[in-house]
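So the structure is just underneath, and the comments pick up after that.
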Amino acid sequence: MDSRGNDFQSLVFDFMPRYSLDRWLHPRSNEQTDKLSLSQLLNIAIDVADALDYLHNSSCPTVIHCDLKPSNILLGCDWTAYVADFGIAKLIDESMDQSNLNIGTESTIGIRGTIGYVAPGGQASVAGDAYSFGVTLLEMFTGKAPNDGMFIDGLTLQLLAAEGLPEKISEIIEPELLHDEVYDNGSGILSSLASVGVGISCLKDNPSNRMNMKDAAAELHRIKEYLQKSLRI
């Protein structure tokens, strides 16, 4: 019973021994953590994309997460990534009008999401989730959070990534990634370039022009297959 005499209800999750993605992208000053490899980053990105694709296209009711960011992506002991924290998620029942899923629904609580990750307008929509995924994907490969102190005077994470494609990709990628052995034969650069491209495609100003999560997941799977094939050669 809770303090009001009602049945106590709770959500019970499996323990995530590797904590959140945020802890690996931005370690605390007193933490000693290795940087994630390109293969690990790709696998995590694919897990998250598959999860959002399921929520948007296979779940009944449709679920709009509304607050995707690295701290809400948990990692299991085998590095499987899980999307967590559905505290402000939006459920779209079949009886409701789903024609506006991409445009969004008005929120009664103001901006729905976290500044830096939430799409312009802050409305709950599948395109809004895609936008948040795009920001997260760029953060994974650049090592820069959208609220990093370097982003001033109109410079954003999106602009930094877009201006770096394709000629300056090695300048915007997380420096530690460039020491990954897969970069020796060029496959790492191409895989990073393609992954950052997926992120940018999710960040279009017009929601209807953003890459949806089904296509984003499919493209990331193709990038992983290319990387695996190149490593076997």
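When restricted to Cα atoms, the stretch 193-233 yields an Rg and a Dmax of 12.1, 41 Å, respectively. Taking a ≥ b ≥ c as the square roots of the eigenvalues of the Cα gyration tensor, the stretch 149-233 is classed as oblate, since a/c reaches at least 1.5 and a/b does not exceed b/c.
Values [x] -0.74; [y] -0.94; [z] -0.57 are given for comparison; log10 I(q)/I(0) by the Debye sum over Cα atoms at q = 0.11 Å⁻¹, derived from the coordinates here, is the one labelled [z]. Please check: in the Gaussian network model of the chain (C-alpha springs, under 10 Å), which one of PHE13, PHE141, PHE133 has the largest mean-square fluctuation. Evaluated over the chain, the most mobile residue of the options is PHE13.
Screening the chain for whole DSSP H helices of 27 Å or more along their axis (Cα) with average Kyte-Doolittle hydropathy at least 0.5 returns 38-57.
Take the Cβ atoms of THR33 and ASP78, set R0 to 25 Å, and the FRET efficiency comes out at 0.90.
To the nearest 10, the accessible area of ASP78 is 100 Å² with a 1.4 Å probe.
Structure remark: mean-square fluctuation, Gaussian network model of the chain, C-alpha springs under 10 Å; the largest value among ILE73, ILE189, ILE152 belongs to ILE152.
The values are calculated or read from the model by the stated rules, or taken from the named source; none is laboratory data. In this text the structure is predicted, and so the values were computed from the model without any measurement. Ideal geometry is used to build each Cβ from the backbone, glycine not excepted, and the neighbour counts take in all protein chains shown. Only protein heavy atoms, including side chains, enter the accessible area calculation; ligands, DNA and RNA are left aside. Shrake-Rupley method; radii C 1.70, N 1.55, O 1.52, S 1.80 Å.
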